[in-house]
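Q: Please find one structure pasted underneath; my questions will follow.
The values are calculated or read from the model by the stated rules, or taken from the named source; none is laboratory data. As the structure is a prediction and not an experimental result, all values here were calculated from the model. We place every Cβ from the backbone using ideal geometry, glycine too, and count neighbours over all the protein chains shown. Areas reflect the complete protein model, heavy atoms only, side chains present, ligands, DNA and RNA absent. Shrake-Rupley method; radii C 1.70, N 1.55, O 1.52, S 1.80 Å.
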Amino acid sequence: MPSAPSPRQYCRILPAWVAAAVIAAAATGALAQPAEPVSGRELLHDGGVAIDVLVDGTGPAIVLLPSSQRDSLDFDVVSRQIARAGYRVLRPQPRGMGRSRGPMEGLNLSVLARDVVLAIDRLGGGRAVIVGHAYGHFVARVADLEHPPRVRGLVVVGAAAKVFPQGMVESLAIAADPGKPREERLKQLQFSMFAPGNDASSWLDGWHPELRDAYRRAGATPSKDVWWPVSNAPILDLQGAEDPWRPPATRNELKDILGDKVTVQVIPRAGHALIPEQPSAVSEAIVGWVRTLQP
């Protein structure tokens, strides 16, 4: 494949005044592409716990937490886009995923929140915005409840209604099970996770069904009634316009409880998966909102 023409080669096909502007812009660096953010990976140890953290970029810290039975690789595109905007993005892998290890007996949301705080303390300067996708928002909310000095703000992405709509849990169980027929899984992914017209096949892979029971038990403690009506930090409630886990009638249920602490934003053409469906819209919404926060 031939290489792209240089600014001087463009001069042969552009009017003289345009060519001169291109050459001048190139000379001043105005046409230079932004450098890719520095990326790395850290393995943090704390007693018998090891937390695998993917790191992108430099700047104020933003932590990304994945949804149920999935790992932080789902955020690859979103993480790079946020890092390019001038942030240090931390993606701690949940226990049992990547290189993260720790006791699974007695696992609960408080334990998972401490894993996140470990990453914030060691790699994020002790304070961060936490972004939680679906199940990840349980962990984010409990981190805010129990470690408020560490949390600058919360973004809940694809957070389900407080009471899950009928059929969603059963649909997810089929979609996440590699032992089920592919077409059956794809049908359930499309039904419960992706908006009509969006390709659900990208999520046929990437599940950790062996951890389903451990994380389901963990999600029950502390109970939702403890953390749902409380927030120390401001919240961006980022919803997919066609998320069956968050029917339109429930759009403002979090704002109705927490008032001005909550900003509701709806992403068009997105369902519950949201991250793979509209990564650029999600990234832009997060960055735009974070820039409104106090340092």
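Q: Please verify whether segment 149-172 includes one or more residues that are more than 21 Å from residue 95 (Cβ to Cβ), free of Cβ contacts under 8 Å to residues at least 24 places away in the same chain, assigned to a helix (DSSP H, G or I) and open to solvent by less than 60 Å² (accessible area, probe 1.4 Å).
A: Scanning segment 149-172, I find at least one residue that is more than 21 Å from residue 95 (Cβ to Cβ), free of Cβ contacts under 8 Å to residues at least 24 places away in the same chain, assigned to a helix (DSSP H, G or I) and open to solvent by less than 60 Å² (accessible area, probe 1.4 Å), so the answer is yes.
Q: Looking at (1) outside any helix (DSSP H, G or I); (2) out of contact with any His (no Cβ under 7 Å at 6 or more places or on another chain); (3) open to solvent by 10 Å² or more (accessible area, probe 1.4 Å); (4) of a type outside the set (A, V, I, L, M), which is the one condition that is false for residue 81?
A: Only one criterion in (1) outside any helix (DSSP H, G or I); (2) out of contact with any His (no Cβ under 7 Å at 6 or more places or on another chain); (3) open to solvent by 10 Å² or more (accessible area, probe 1.4 Å); (4) of a type outside the set (A, V, I, L, M) is unmet by residue 81, namely (1).
Q: Output yes when any residue across segment 102-118 is under 11 Å from the mean Cα position of the chain (by Cα) and within 29 Å of residue 249 (Cβ to Cβ), and no when none is. Explain how you work it out, then say what you get.
A: Residues of segment 102-118 that are under 11 Å from the mean Cα position of the chain (by Cα), as a first pass: none.
The answer is no, given that none of the residues of segment 102-118 is under 11 Å from the mean Cα position of the chain (by Cα) and within 29 Å of residue 249 (Cβ to Cβ).
Q: Moving on. So which residues in segment 173-194 are assigned to a helix (DSSP H, G or I) and not hydrophobic (A, V, I, L, M, F, W, C), if there are any at all?
A: Quick first cut of segment 173-194, residues assigned to a helix (DSSP H, G or I) only: 173-175, 182-192.
If the condition is that a residue be assigned to a helix (DSSP H, G or I) and not hydrophobic (A, V, I, L, M, F, W, C), then 182, 183, 184, 185, 187, 188, 190, 192 are the ones that fit.
Q: From 258, 238, grab the single residue that is in a helix (DSSP H, G or I) and either surrounded by 15 or more Cβ atoms within 10 Å (Cβ to Cβ) or touching a Gly at 6+ places or on another chain (Cβ under 7 Å) (or both).
A: Numbers: 238 fails: in a helix (DSSP H, G or I).
The conditions single out 258.
Q: Within segment 179-197, take every residue that is in contact with an Asp or Glu (Cβ under 8 Å, 6 or more places away or on another chain) and open to solvent by less than 40 Å² (accessible area, probe 1.4 Å) and give me the one that is farthest from residue 277 (Cα to Cα).
A: Keep residues of segment 179-197 that are in contact with an Asp or Glu (Cβ under 8 Å, 6 or more places away or on another chain), which gives 185, 194-196.
Now drop any that are not open to solvent by less than 40 Å² (accessible area, probe 1.4 Å), which leaves 185, 194-195.
Working: 185: 18, 194: 7, 195: 8 Å.
Applying the filter and picking the extreme gives 185.
Q: Might you check whether a residue that is open to solvent by less than 10 Å² (accessible area, probe 1.4 Å) and either assigned to a loop (DSSP other than H, G, I, E, B) or aliphatic (A, V, I, L, M) (or both) occurs anywhere in segment 219-227?
A: The initial filter retains those residues of segment 219-227 that are open to solvent by less than 10 Å² (accessible area, probe 1.4 Å), namely 227.
Checking which are either assigned to a loop (DSSP other than H, G, I, E, B) or aliphatic (A, V, I, L, M) (or both) leaves us with none.
No, that holds for no residue.
Q: Count, please, the residues in segment 88-106 that happen to be crowded, with 21+ Cβ neighbours inside 10 Å and touching a Lys or Arg at 6+ places or on another chain (Cβ under 9 Å). Talk me through it step by step, then tell me what you get.
A: First, pick out the residues of segment 88-106 that are crowded, with 21+ Cβ neighbours inside 10 Å: 88-95.
From the residues that got through so far, the ones that are touching a Lys or Arg at 6+ places or on another chain (Cβ under 9 Å) too are 89, 93-95.
So the answer is 4.
Q: Next question, about the same structure. Quick one: count up the residues across segment 261-277 that are in a loop (DSSP other than H, G, I, E, B) and touching a helix residue (DSSP H, G or I) at 6+ places or on another chain (Cβ under 9 Å). Spell out how you get there, then give the answer.
A: Start the filter on segment 261-277 by keeping residues that are in a loop (DSSP other than H, G, I, E, B), which leaves 268-277.
After this cut, where a residue has to be touching a helix residue (DSSP H, G or I) at 6+ places or on another chain (Cβ under 9 Å) as well, the list is 268-276.
Residues in segment 261-277 being in a loop (DSSP other than H, G, I, E, B) and touching a helix residue (DSSP H, G or I) at 6+ places or on another chain (Cβ under 9 Å): 9 in total.
Q: Restricting to segment 98-132, give me the number of residues that are assigned to a loop (DSSP other than H, G, I, E, B) and farther than 27 Å from residue 287 by Cα. Spell out how you get there, then give the answer.
A: Restricting attention to segment 98-132, the residues satisfying the condition of being assigned to a loop (DSSP other than H, G, I, E, B) are 98-100, 102-108, 124-127.
So of that shortlist, the ones also farther than 27 Å from residue 287 by Cα come out as 99-100, 102-108.
Qualifying residue count, segment 98-132: 9.
Q: Being in a strand (DSSP E or B) and either over 13 Å from residue 37 (Cβ atoms) or small (Gly, Ala, Ser) (or both) narrows it down to one of 74, 52, so name that one.
A: Values: 74 fails: in a strand (DSSP E or B).
Residue meeting the stated conditions: 52.
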